[in-house]
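First comes the structure, then the notes that go with it.
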Amino acid sequence: MALERTFSIIKPDATRRNLTGKVNALLEAGGLRIVAQKRILLSRAQAETFYGVHKERPFFNDLVKFMTSGPIVAQVLEGENAVARNREIMGATNPANAAEGTIRKTFAESIEANSAHGSDSAENAAIEIAFFFSGLEIVG
Ligand code: GDP
């Protein structure tokens, strides 16, 4: 299996409740290494660009409003099959459907305020990592 990198966000509902450390503990216990991390407040334009693939969805405006409602923690995670592994650790989009012990089952407030983002493919991971981090900021 190959060492891989993925992109992750701890969303505003989780930073508001001071859960950054608890989310990171689940990521690390799940075998992923946090090789870059920064806490930032997204602008509306940045959130719209990041979620551009969802711009036709009915929840797009609400999602952008939520993602700019407070600080996020943007991360690069590294590990074996990191993209798929992080999706497992996060759990299903809707916390009602997420497995026990996942980030979303444990912490999410709703399908929107679901505490974590994780890239859905290696290709998107590369795009999302480049959107938030320079090569110098990633230390494996
Ligand atoms: P993910 O890959 O599991 O994050 O899911 P998606 O790519 O389908 O959706 C992106 C994000 O949009 C989710 O993580 C949620 O924050 C939000 N979202 C997804 N579906 C809904 C929905 O039906 N309503 C609302 N309000 N937000 C949603």
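The values are calculated or read from the model by the stated rules, or taken from the named source; none is laboratory data. As the structure is a prediction and not an experimental result, all values here were calculated from the model. Please note: Cβ atoms are built from the backbone with ideal geometry, for glycine as well, and neighbour counts cover all protein chains shown. Note: accessible area is taken over every heavy atom of the protein model, side chains too, but ligands, DNA and RNA are not part of it. Shrake-Rupley method; radii C 1.70, N 1.55, O 1.52, S 1.80 Å.
Please verify whether the stretch 47-55 includes one or more residues that are surrounded by 14 or more Cβ atoms within 10 Å (Cβ to Cβ), touching a Leu at 6+ places or on another chain (Cβ under 9 Å) and among the small types (Gly, Ala, Ser). Checked against the condition, which is being surrounded by 14 or more Cβ atoms within 10 Å (Cβ to Cβ), touching a Leu at 6+ places or on another chain (Cβ under 9 Å) and among the small types (Gly, Ala, Ser), the stretch 47-55 yields at least one hit. Among the residues examined, Val64 qualifies as among the β-branched types (Val, Ile, Thr), within 14 Å of the ligand (Cβ to nearest atom) and not in a loop (DSSP other than H, G, I, E, B). In this structure, Arg104 does not satisfy being charged (D, E, K, R), away from the ligand (no atom under 13 Å from the Cβ) and crowded, with 19+ Cβ neighbours inside 10 Å.
A residue that is open to solvent by less than 20 Å² (accessible area, probe 1.4 Å), outside any helix (DSSP H, G or I) and either within 16 Å of Asp13 (Cα to Cα) or of a type in the set (Lys, Arg) (or both) can be found somewhere in the stretch 118-128. Scanning the stretch 26-46 for residues that are small (Gly, Ala, Ser) and over 14 Å from the mean Cα position of the chain (by Cα), we see that the one that is least open to solvent (accessible area, probe 1.4 Å) is Gly30. Going by the structure shown, is Ala96 in a helix (DSSP H, G or I), within 14 Å of the ligand (Cβ to nearest atom) and either at negative phi or of a type outside the set (Gly, Ala, Ser) (or both)? When the stated conditions are applied, Ala96 passes them.
Within the stretch 67-80, being more than 9 Å from the ligand (Cβ to nearest atom) and farther than 16 Å from Glu28 by Cβ holds for Thr68, Ser69, Gly70, Pro71, Ile72, Ala74.
Residues that are without any contact (Cβ under 8 Å) to a residue 60 or more places away in the chain and either surrounded by fewer than 20 Cβ atoms within 10 Å (Cβ to Cβ) or not in a helix (DSSP H, G or I) (or both) occur at least once in the stretch 70-83.
The single condition from (1) over 23 Å from Glu112 (Cβ atoms); (2) touching a residue at least 60 places away in the same chain (Cβ under 8 Å); (3) among the aliphatic types (A, V, I, L, M) that Ala14 fails is (1).
Annotation note: of Glu88, Glu56, the sole residue that is assigned to a helix (DSSP H, G or I), within 15 Å of the ligand (Cβ to nearest atom), of a type outside the set (Ser, Thr, Tyr) and out of contact with any Asp or Glu (no Cβ under 9 Å at 6 or more places or on another chain) is Glu88.
Here's the yes/no breakdown for (1) of a type in the set (Gly, Ala, Ser); (2) farther than 25 Å from Ile138 by Cα:
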{"position": "Thr15", "(1), (2)": "no, no"}
{"position": "Asn18", "(1), (2)": "no, no"}
{"position": "Leu26", "(1), (2)": "no, no"}
{"position": "Thr68", "(1), (2)": "no, no"}
{"position": "Ala74", "(1), (2)": "yes, no"}
{"position": "Val83", "(1), (2)": "no, no"}
{"position": "Asn86", "(1), (2)": "no, no"}
{"position": "Gly101", "(1), (2)": "yes, yes"}
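Could you tell me whether Ala113 is modelled with pLDDT of 95 or more, open to solvent by less than 20 Å² (accessible area, probe 1.4 Å) and of a type in the set (Gly, Ala, Ser)? Here the answer is yes, as Ala113 does meet what is asked.
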